[in-house]
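Everything below concerns the one structure shown next.
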Amino acid sequence: MTASVGSIHPLDPLGSSELAAAVAQAKVAWKLDHRHLFAMVQLDEPTKTELTNLQPNSPVVRRARMMVWDKSRGVVCEGVLVLGGATGALVEIAGAKAPVLSSESEQAIAAVRTDTRIIEALLQRGINDVHTVHMETWPIGAQMPKYLDIGRRVIWTPMWHCPTPQANFYAHPIGGLHAIVDLDTGEVVDVENDQQIPIPQTPGPYRASQTGANIGLKELAITQPDGASFTVNGWRIDWERWNMRIGFCQREGLVIHEVQFDDNGVERRIARRLSIAELVIPYGDPSQGAYRKNAFDTGEFGLGNYTNSLTLGCDCLGEIVYLDAAVTQPDGSIREIPNAICMHEEDVGILWKHVDIDGQVEVRRGRRFVVSSIVTVNNYEYGYFWYFYQDGSIEFEAKLTGIVLTVSDFPGADHPSATEIEPGLWAPFHQHILCARLDMDIDGTSNSVVEVDAFAHPVGSKNPYGGAYETSETVFATESVAQRVIDPFKNRFWKIINLGRTNHMGKPVGYKLVPGHTTFPMALPDSVIGRKAGFMYKHLWVTPHVEEERYPAGDYPFQHEGGAGLPEWTSNDRNVENTDVVLWYVFGTNHIPRIEDWPVMPVERAGFQLKPSGFFSRSPGIDVAAAKPACH
């Protein structure tokens, strides 16, 4: 399918009609039937060369990249087709397994509900209605039982009791009872029923109708009488001096493309593509109900599938503009997600201020443009928020909320890897580890990455009073030396520079990556999750730009033996100096649950900043006009 550049852009996500057309075309061209499930269907993004060569009003070729799961043969296939045009070959991917698909999860749970072993085990626990039991389908993220390690594609089902329709079932985990299901055959291949732990009985109400919450404040109205300051043209956004394109895909969810800043009439490129390419949650509790919970929410589920429809005044506040999205279901039907992405402005306090000795006060209010989406994957919500500031800075913030995962144990038990939040109700220790894929193009594609450390000389000629310090800069030449960790003792940060472009001081233009809240992985490197998520052992990786290198744990983490993605690619030790580079920044939180995280966890934040560092000739904030005299 082709369209002119004026009506549709090559980076626009595939809409519902395009997805439907792609599915129909694939079924005919590749002879797909009921044995084939559509695991992922998303835009096959144009290459940088294609985007660079794009001319106004030239035809736009729309391509769909498809991941198809052949259940009958247990084979993953991939193919790319041009909508309304040529259809490429459907290629088998050796050794790959498809992610967990929604229809398979439903079928697996239905099979477990009718299994006589499960029904009997529930009766032993005083539960006579299997439909009052909530079940979830989780990949087996730890050692696979030997009798199952024969290539089966399996999940396991932790369970919770839901005594009333609106009860918080996470308050009532059913300990020691799990089913293992073959996703392809629908067979319940095993039932684990080897612990008799009392089901915790203390409820965990959180709905307003249950809690009677009545702590309120006076109304805070966010109004913009003249409307929002940004304009929306399809998926292109212009705000203040920024412009960018918003994207969305079934795997990563929210994506930001083509980030530029108008520097005195010159459109300057900062980034080509920004996304959170993986989110993995390693659990640190060795108990039976937790040790296998090491899910890749991006690679094993697809965050786009779980994107919320956002609500005005609750998820977003102010003058809001929404973008809708669509995803393909396993059977090829299309599901639309209204209000999948929210865009609005926020006041962020003062941008800058100074009071001179003559009493003259200069102060500027700061505002930021916000692009956000929120996903719900089982118990947790993840909000992805991209912020663009008037001083040329970019920030990403992940907002983590939802309900902590729970297991049962005896009240007061010796359970050192979990927090007892109610009698017999335990929340296991775990980590949320995210990996941002930052395809930076600082004034072009020839970039280098520099590590900047602060240090002090011993007292002597270079530090006569003991208070002096300097910085050292190290340019990364190859991938092996560009695998780095944070160092707060050296106040470490990294710069992305363009050696071919200098500022008015003769220095290379650049942006710096400033770490925010992050963590170190606790799982041992030779553990199953350690091998599969090898990327998490470094906070920064730098690779040359390769279109096919998209996900830090590889394309297919489900039941993968490990070593794929960044560890594999960087083993070639390719050049990353003065070339087109991609930065992979790893960050997250170490969650030792608090009692105050129950029954719903207050938002916890993690993220990073990208700040201009010699990119401009002065602060862009100095050009921001003073606000109307309504501050006091």
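Can you find a residue that is crowded, with 18+ Cβ neighbours inside 10 Å, among the small types (Gly, Ala, Ser) and either under 21 Å from the mean Cα position of the chain (by Cα) or not assigned by TED's automatic domain parsing to the domain that holds ALA39 (or both) anywhere in segment 532-546?
yes
What is the number of the single condition among (1) surrounded by fewer than 21 Cβ atoms within 10 Å (Cβ to Cβ); (2) part of a strand (DSSP E or B); (3) of a type in the set (S, T, N, Q) that SER309 does not meet?
It fails just one condition, (2).
All but one of (1) in contact with a strand residue (DSSP E or B) (Cβ under 8 Å, 6 or more places away or on another chain); (2) part of a loop (DSSP other than H, G, I, E, B) hold for ARG73; state the number of the condition that does not hold.
Failed condition: (1).
Quick one: would you say THR137 is surrounded by 22 or more Cβ atoms within 10 Å (Cβ to Cβ), under 25 Å from GLY74 (Cα atoms) and among the polar types (S, T, N, Q)?
Considered against the rule, which asks whether it is surrounded by 22 or more Cβ atoms within 10 Å (Cβ to Cβ), under 25 Å from GLY74 (Cα atoms) and among the polar types (S, T, N, Q), THR137 comes out as yes.
All but one of (1) touching a strand residue (DSSP E or B) at 6+ places or on another chain (Cβ under 7 Å); (2) more than 30 Å from LYS399 (Cα to Cα) hold for PHE535; which doesn't?
(2)
So VAL255 clears everything in (1) within 27 Å of VAL581 (Cα to Cα); (2) in contact (Cβ under 8 Å) with a residue 24 or more places away in the chain; (3) buried (at least 19 other Cβ atoms within 10 Å of the Cβ) except one condition, right? Which one?
(2)
Please identify the pairs in which a residue from segment 401-421 that is free of Cβ contacts under 8 Å to residues at least 40 places away in the same chain has its Cβ atom under 7 Å from the Cβ atom of a residue that is part of a strand (DSSP E or B), counting only partners at least 6 apart or on another chain.
GLU420/TRP426
Being within 17 Å of the chain's Cα centre (by Cα) and at pLDDT 95 or above is the filter; apply it to segment 502-520 and report the residue that is nearest to LYS490 (Cα to Cα).
Only one residue fits best here, namely PRO515.
List, please: which pairs have Cβ atoms under 8 Å, are six or more places apart or on different chains, and start with a residue in segment 303-331 that is assigned by TED's automatic domain parsing to the domain that holds GLY383 and end with one that is outside any strand (DSSP E or B) and basic (Lys, Arg)?
LEU303/ARG251; GLY304/ARG251
Could you grab me the full set of residues in segment 398-449 that are within 28 Å of THR298 (Cβ to Cβ) and in a loop (DSSP other than H, G, I, E, B)?
Selection gives ILE403, VAL404, LEU405, THR406, SER417, PHE429, ASP441, ILE442, THR445.
Among the residues of segment 537-557, what is the count of those that are in contact with a His (Cβ under 7 Å, 6 or more places away or on another chain) and among the basic types (Lys, Arg)?
So the count comes out to 0.
Looking at ALA39, ALA89, ALA24, can you tell me which residue is part of a helix (DSSP H, G or I) and at pLDDT 95 or above? Lay out the reasoning, then the answer.
Numbers: ALA39 fails: part of a helix (DSSP H, G or I); ALA89 fails: part of a helix (DSSP H, G or I).
Checking each option against the conditions leaves just ALA24.
Going by the conditions given, is GLY510 buried (at least 22 other Cβ atoms within 10 Å of the Cβ) and either assigned by TED's automatic domain parsing to the domain that holds MET144 or over 20 Å from ILE270 (Cα atoms) (or both)?
So GLY510 fails the test.
Can you tell me which residues in segment 26-43 are buried (at least 19 other Cβ atoms within 10 Å of the Cβ) and either out of contact with any Leu (no Cβ under 8 Å at 6 or more places or on another chain) or not aliphatic (A, V, I, L, M) (or both)?
LEU32, HIS36, PHE38, MET40, GLN42, listed by residue number.
So ARG618 clears everything in (1) within 23 Å of SER417 (Cα to Cα); (2) free of Cβ contacts under 8 Å to residues at least 40 places away in the same chain; (3) in a loop (DSSP other than H, G, I, E, B) except one condition, right? Which one?
(1)
Does segment 556-569 contain at least one residue that is more than 21 Å from PRO521 (Cβ to Cβ), assigned by TED's automatic domain parsing to the domain that holds ARG292 and surrounded by fewer than 18 Cβ atoms within 10 Å (Cβ to Cβ)?
No, every residue in segment 556-569 fails to be more than 21 Å from PRO521 (Cβ to Cβ), assigned by TED's automatic domain parsing to the domain that holds ARG292 and surrounded by fewer than 18 Cβ atoms within 10 Å (Cβ to Cβ).
Given THR589, THR579, which one is surrounded by fewer than 22 Cβ atoms within 10 Å (Cβ to Cβ), under 15 Å from HIS545 (Cα atoms) and β-branched (Val, Ile, Thr)?
So the residue among THR589, THR579 that is surrounded by fewer than 22 Cβ atoms within 10 Å (Cβ to Cβ), under 15 Å from HIS545 (Cα atoms) and β-branched (Val, Ile, Thr) is THR579.
All but one of (1) without any contact (Cβ under 8 Å) to a residue 60 or more places away in the chain; (2) within 24 Å of the chain's Cα centre (by Cα); (3) buried (at least 21 other Cβ atoms within 10 Å of the Cβ) hold for GLU78; state the number of the condition that does not hold.
(3)
Pick out, from segment 222-296, the strands (runs of 3 or more DSSP E) lying fully within it that include 3 or more residues that are under 26 Å from GLY313 (Cα atoms).
The qualifying strands (runs of 3 or more DSSP E) are 230-233, 236-239, 242-249, 253-263.
So that you can scan it fast, the table gives a plain yes or no per residue for (1) over 30 Å from SER7 (Cα atoms); (2) surrounded by 14 or more Cβ atoms within 10 Å (Cβ to Cβ):
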{"site": "PHE169", "(1), (2)": "yes, yes"}
{"site": "ALA179", "(1), (2)": "yes, yes"}
{"site": "ASP182", "(1), (2)": "yes, yes"}
{"site": "VAL191", "(1), (2)": "yes, yes"}
{"site": "GLN196", "(1), (2)": "yes, no"}
{"site": "LEU217", "(1), (2)": "yes, no"}
{"site": "TRP239", "(1), (2)": "no, yes"}
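Taking the condition touching a residue at least 60 places away in the same chain (Cβ under 8 Å) and more than 30 Å from PHE385 (Cα to Cα), does ARG153 pass? Steps first, please.
Working: touching a residue at least 60 places away in the same chain (Cβ under 8 Å): yes; more than 30 Å from PHE385 (Cα to Cα): yes.
Spelling it out, ARG153 is indeed touching a residue at least 60 places away in the same chain (Cβ under 8 Å) and more than 30 Å from PHE385 (Cα to Cα).
Is segment 431-449 home to any residue that is exposed (fewer than 13 other Cβ atoms within 10 Å of the Cβ) and either in contact (Cβ under 8 Å) with a residue 24 or more places away in the chain or more than 26 Å from the chain's Cα centre (by Cα) (or both)?
No - not one qualifying residue is present in segment 431-449.
The values are calculated or read from the model by the stated rules, or taken from the named source; none is laboratory data. Predicted model only: the values in this text are computed from it and were never measured. Don't worry about glycine lacking a Cβ; one is built from the backbone with ideal geometry, like all the others, and counts go over all protein chains shown.
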